[in-house]
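Novice: Questions regarding the structure given below will be posed in turn.
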Amino acid sequence: MSQLKGFTIIEVLIAVAVITIGVLGILGVIYQTTSYIALSSSRLVAIYLAQEGMEIVRNIRDTNWLNNRSWDEGLNIMGEWEAVYDESALTTFQEGRNLKTNGGFYNYNSGQDTKFKRKITISDPGLISCGGVICLSVKSEVSWQHFGKTQKAETEGYLYNWLPQELP
């Protein structure tokens, strides 16, 4: 009787199962990694857009000073607003409107749609929150969808009249 050496069908099936489990594990890690990279990239853009919202409001205040207007002109109406970098006024927030990108700049009028929505909320925090001086509470919030889940990045601060002046 001759002895044949080789793999049995059971050994082959076990080897295929082990290799399949290993490949599926590697694919799962690759999927998770690309998902986290996409989320991190979107979060970074959203943080910059939220900060830009705060800077736009500060710019409106500073422009008011330069033009000898009241520091809070255009900012003293409490509510939810939209703003873009090249405009000197806030516009009323529209719930379903996403930012567009055109040549690397974000706006609402032209360019390619993005997944980001920016809402700037201005409110009166009361004199206690501002240490007894007049100020406005400003919150800039950017939201977007990532795999069906809403993500948010926000920044919040107070806007002071730190350059008091007498108006004519």
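Novice: Take segment 134-156 and flag every residue that is more than 10 Å from the chain's Cα centre (by Cα) and either closer than 14 Å to residue 75 by Cα or among the β-branched types (Val, Ile, Thr) (or both). Full working, then the answer.
Specialist: To start, the set of residues in segment 134-156 that are more than 10 Å from the chain's Cα centre (by Cα) comprises 134-139, 145-150, 156.
If the condition is that a residue be more than 10 Å from the chain's Cα centre (by Cα) and either closer than 14 Å to residue 75 by Cα or among the β-branched types (Val, Ile, Thr) (or both), then 134, 135, 136, 137, 138, 139, 150 are the ones that fit.
Novice: Of the residues that sit in segment 98-126 and are under 18 Å from the mean Cα position of the chain (by Cα) and charged (D, E, K, R), which one is most open to solvent (accessible area, probe 1.4 Å)? Can you show your working first?
Specialist: Step one: filter segment 98-126 for residues under 18 Å from the mean Cα position of the chain (by Cα), giving 98-102, 104-108, 112-122.
Applying the additional criterion that residues be charged (D, E, K, R) yields 100, 113, 115, 117-119.
On the way: 100: 46, 113: 104, 115: 88, 117: 64, 118: 2, 119: 46 Å².
Of everything passing the filter in segment 98-126, 113 is most open to solvent (accessible area, probe 1.4 Å).
Novice: Let me ask something else about it. What about residue 83, is it without any contact (Cβ under 8 Å) to a residue 60 or more places away in the chain, aliphatic (A, V, I, L, M) and in contact with a Ser or Thr (Cβ under 8 Å, 6 or more places away or on another chain)? Can you show your working first?
Specialist: On the way: without any contact (Cβ under 8 Å) to a residue 60 or more places away in the chain: yes; aliphatic (A, V, I, L, M): yes; in contact with a Ser or Thr (Cβ under 8 Å, 6 or more places away or on another chain): yes.
Taking the combined requirement at face value, the residue satisfies it.
Novice: Hey, another quick one. Of (1) open to solvent by less than 70 Å² (accessible area, probe 1.4 Å); (2) of a type in the set (S, T, N, Q); (3) touching a strand residue (DSSP E or B) at 6+ places or on another chain (Cβ under 9 Å), residue 70 satisfies all except one. Which?
Specialist: If we test residue 70 against (1) open to solvent by less than 70 Å² (accessible area, probe 1.4 Å); (2) of a type in the set (S, T, N, Q); (3) touching a strand residue (DSSP E or B) at 6+ places or on another chain (Cβ under 9 Å), just (3) comes out false.
Novice: Here are 129, 140: which of them is polar (S, T, N, Q), under 23 Å from residue 163 (Cβ atoms) and surrounded by 15 or more Cβ atoms within 10 Å (Cβ to Cβ)? Before the answer, list the steps.
Specialist: Working: 129 fails: surrounded by 15 or more Cβ atoms within 10 Å (Cβ to Cβ).
Sole residue among the options that is polar (S, T, N, Q), under 23 Å from residue 163 (Cβ atoms) and surrounded by 15 or more Cβ atoms within 10 Å (Cβ to Cβ): 140.
Novice: Hey, can you tell me all the residues within segment 80-97 that are surrounded by fewer than 17 Cβ atoms within 10 Å (Cβ to Cβ) and closer than 24 Å to residue 113 by Cβ? Explain how you work it out, then say what you get.
Specialist: From segment 80-97, those surrounded by fewer than 17 Cβ atoms within 10 Å (Cβ to Cβ) are 80, 85-89, 91-97; that's our starting set.
Answer for segment 80-97, where residues must be surrounded by fewer than 17 Cβ atoms within 10 Å (Cβ to Cβ) and closer than 24 Å to residue 113 by Cβ: 80, 85, 86, 87, 89, 91, 92, 93, 94, 95, 96, 97.
Novice: Just to be sure, is residue 147 free of Cβ contacts under 8 Å to residues at least 40 places away in the same chain and either over 25 Å from residue 162 (Cα atoms) or in contact with a helix residue (DSSP H, G or I) (Cβ under 8 Å, 6 or more places away or on another chain) (or both)?
Specialist: Details: free of Cβ contacts under 8 Å to residues at least 40 places away in the same chain: no; either over 25 Å from residue 162 (Cα atoms) or in contact with a helix residue (DSSP H, G or I) (Cβ under 8 Å, 6 or more places away or on another chain) (or both): yes.
So residue 147 fails the test.
Novice: On to the next question. Only one of 30, 77, 9 is surrounded by fewer than 12 Cβ atoms within 10 Å (Cβ to Cβ), among the hydrophobic types (A, V, I, L, M, F, W, C) and modelled with pLDDT of 90 or more; which?
Specialist: Details: 77 fails: modelled with pLDDT of 90 or more; 9 fails: modelled with pLDDT of 90 or more.
The match here is 30.
The values are calculated or read from the model by the stated rules, or taken from the named source; none is laboratory data. Quick caveat, the model's predicted, so the values are computed rather than measured. As a convention, Cβ positions derive from the backbone with ideal geometry for all residues, glycine included, and neighbour counts pool all protein chains shown. What goes into the accessible areas is simple: the full protein's heavy atoms, side chains included, and nothing from ligands, DNA or RNA. Shrake-Rupley method; radii C 1.70, N 1.55, O 1.52, S 1.80 Å.
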